[in-house]
Amino acid sequence: MKKENDEITNLFRSRLNDVEVPVRDGFWEELNQGLATCHHRRLMFFRLTAAASVLLVLAASSAAFWYFSPKEDLEEAFTQIAVANGGTLDGDVVKQVTQPVQHAPILPKKMSRQLAAYTPAVKEDNDSVSVTVSMSFSFSVNSTVRQHNNPMNHVANEAWQNKESVQQTGTSVEQESTRAVLTESARSRSWALKMALGSSLPAGKYQMPVLGQLTVERQLTKHLAIESGLRYSYIDGGQKGLHYIGIPLQMNVTLAKTNKMNLYALVGGVADKCIAGAANNNFKNEPIQLAVMGGVGVGYKLNDKVALFAEPTVVHHFRTDSKHETVRAERPTNVNLICGVRMTY
């Protein structure tokens, strides 16, 4: 049996020894290009995964620091210091109230001066002549000043009261002016302009999409803001690229905030329309594609008006009747990473 198998093996080996199978033109070039593309996609996926991991660790650290920080103890300590120094604590500012010093009018004191009597005496025997000289000097200066009878005291008291009233009025006007300036400053910085670039993960034969957006953010309350604008997206459609214009709408909720950094959650959606790249860009062949998204954002302030931000989000695109297959059809739920600059005004 083994011998027969060896004969069959030698027969096939002798017949197929010099057989060659021809391949189509460009086969090896396409194979090399496919290997390079796979390597590039894998490298980009690892980079995006590392960036998203760093951002999540940073967000978790900021949230933990904000949650476990002894805010009540610090506020109580600052309040005790302010009260001990005769001031008040208004937010993060210690205000010290200084009362004007009242100067009482100086009244002349009663002065008395008396010169004791000087009495020299010369005394001799009974049969002698006796001479006695006695001198007495007394000086007394009395000065009584009554406040209700002296008109100068009335003038001094009225002048001091007017001065105190003017000082209190000036302090009140200054406080009102400062409050008005702070209120106007807070109102003037309730708008922000955001410019960002981002991308998503690739899927199958489709490359990573690229997007850029310009949005305007309006601060509604201390912890709530709404954002909208325009978004441009370039998506690989297999043989050619497709160009989309979209309108995003999202709501930002502040979770933690420090002097330099802030952490916020975001939720919203976007409506995209293909404007170029397809054979027919009308609404029948390329309808509007809707998507919902949610995630977190991290901001870092460079100064009072300029800040950097990053927003990793999870996006789900709803399927449409489009004639072209894209990465959104291959992977409806994807991960986006958007980074940019935020300017307040």
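The values are calculated or read from the model by the stated rules, or taken from the named source; none is laboratory data. Note that this is a predicted model, so its numbers are computed, not measured. As a convention, Cβ positions derive from the backbone with ideal geometry for all residues, glycine included, and neighbour counts pool all protein chains shown. The area values use the complete protein model at the heavy-atom level, side chains included, leaving out ligands, DNA and RNA. Shrake-Rupley method; radii C 1.70, N 1.55, O 1.52, S 1.80 Å.
Across the protein chains, with a 1.4 Å probe defining accessible surface, the residues CYS339, CYS274 rank CYS339, CYS274 from largest area downward. Ranking LYS240, LYS301 by solvent-accessible area of protein heavy atoms (1.4 Å probe, all protein chains present), from largest to smallest, gives LYS240, LYS301. Its Cα centre serving as origin, segment 187-328 has a Cβ charge dipole (Lys and Arg +1, Asp and Glu -1) of approximately 400 debye.
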